[in-house]
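Heads up, the thing below is written out as structure tokens.
None of the figures in this text is laboratory data; all of them are computed from the coordinates on show. Treat the numbers as computed from the prediction; the structure is a model and nothing was measured. Methodologically, a virtual Cβ is constructed for each residue, glycine included, from the backbone with ideal geometry; neighbour enumeration extends over all protein chains shown.
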Amino acid sequence: MSTFAILLAGGSGSRMRGVVRDKILEPLAGIPVIAHSVKAFIESEVIDGFVIVCRDDEQQAEITNAIQPWLTKDVPLYWARGGKERQDSVLNGLECCPENTSIVFIHDSARPLVQKESLIKLADTALLNGAGVLAHRVKDTIKQVPPQTKPGISVDHVDLDRSTLWAMETPQVFRHSLILAAYRKIITEKIPITDDVAAATHAGHKVALVENLHPNPKITDPHDLLLVEFLLKQKRI
């Protein structure tokens, strides 16, 4: 039995809204963004190999060059193509895992600050509970407003109890058979989801929260790169 990490790297979102050609290949503290995640997984010693979901052959070649310094010959690497939606990409990655895969991490390569200690905790959680997610407590006051509400317009709102709110991060980790069946179910039923926990819970599975006390932001906009670079330089992670 083996454990694999699926790194999501492909899709139009990797272009950071047209500002940079490919955000996961942008230099961050001297190495490409995606290499930080690869390095953390390798150092954690919780995985046996990788599946990287990429956009096309060109991106695959560039990612290969970017992560090669951190890979060794005994770490197998498989490739899958991204789909129209995130859930299509994840399913493609899950189906590329070897048949003997027992546990699978699903990680957004645009979160380069994941810590090896967090990966070890997630692996232990998956072995114990079958599913776990890295998450942090919500600190801000959250108000629920009607859909498509525009700034500057007064609307009724509902105050949500932030003591009950957690923000989901990645990696999210599962027994491979559990999450594969869950994704096949939501694809067949055409259920839109935004993360892997939603797929698992829709299929009736419970997912344990693993609290993350380290910053683990997702790079979406150009200023996110600056923030992550600052955190790395200040060694505050």
Ordering of 141-148, 202-209, 178-185, 31-38 by packing [mean C-beta count within 10 Å, highest first]: 31-38, 178-185, 202-209, 141-148
Ranked list, fewest to most other Cβ atoms within 10 Å of each Cβ, for C97, C54: C97, C54
Geometric extent, Cα atoms of the range 105-174 - Rg, Dmax (angstrom): 16.5, 48
Proximal aspartates and glutamates to K185, defined as alpha-carbon separation beneath 18 angstrom and excluding residues fewer than eight positions away on the same chain: E85, D88, E95, D195, D196
Per-residue HN-Hα couplings for the range 84-94 [Karplus 6.51, -1.76, 1.60; θ = phi - 60°; Hz; x = Gly/Pro]: 5, 10, 4, 5, 5, 5, 5, 4, 4, x, 4
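If we count GluC sites (Glu not before Pro) as exposed when they sit in a DSSP loop and have at most 12 other beta carbons within 10 Å, what is the longest stretch of the chain that avoids them all? Walk me through the numbers before you get to the answer.
On the way: sites that count: E45, E99.
The longest such stretch corresponds to 100-237.
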Whichever lysines have a C-alpha closer than 21 Å to that of K233, once near sequence neighbours (fewer than 8 apart) are set aside: K23, K39, K116, K218
Within the range 2-234: Cβ-based charge dipole about Cα centre, in debye rounded to nearest 20 (Lys, Arg +1; Asp, Glu -1): 360
Solvent-free Debye scattering, log10 I(q)/I(0), computed from the Cα coordinates of the range 194-237 at q = 0.23, 0.25 Å⁻¹: -0.82, -0.86
Span from the the range 150-206 Cα centroid across to the the range 25-90 one, whole angstrom: 24
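Given the rule -39500 (n - 2.57) for each run of at least 4 DSSP H residues, summed and divided by the residues of the chain, what is its mean residue ellipticity at 222 nm, to the nearest 500 deg cm²/dmol? Let's see the in-between values first.
Numbers: 7 runs with 82 residues, N = 237.
Estimated from H runs of four or more residues: -10500 deg cm²/dmol.
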Length released on extending from L127 to Q234, taking residue separation times 0.36 nm less the Cα-Cα span: 35.1 nm
Top positive-direction residue, dipole computed over the range 2-234 with Cβ charges, set S44, S2, L91: L91
The range 2-234: relative contact order in percent, alpha carbon pairs under 8 Å with at least 6 residues between: 23
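Taking the inverse of the average 1/r across all pairs of different Cα atoms in the range 1-120, what Kirkwood radius in Å do you get? Could the numbers behind the result be given before it?
Details: mean 1/r = 0.0702 Å⁻¹.
One over the average 1/r among Cα pairs gives 14.2 Å for the range 1-120.
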Computed Rg/Rh of the range 2-234, alpha carbon atoms with Kirkwood Rh: 0.96
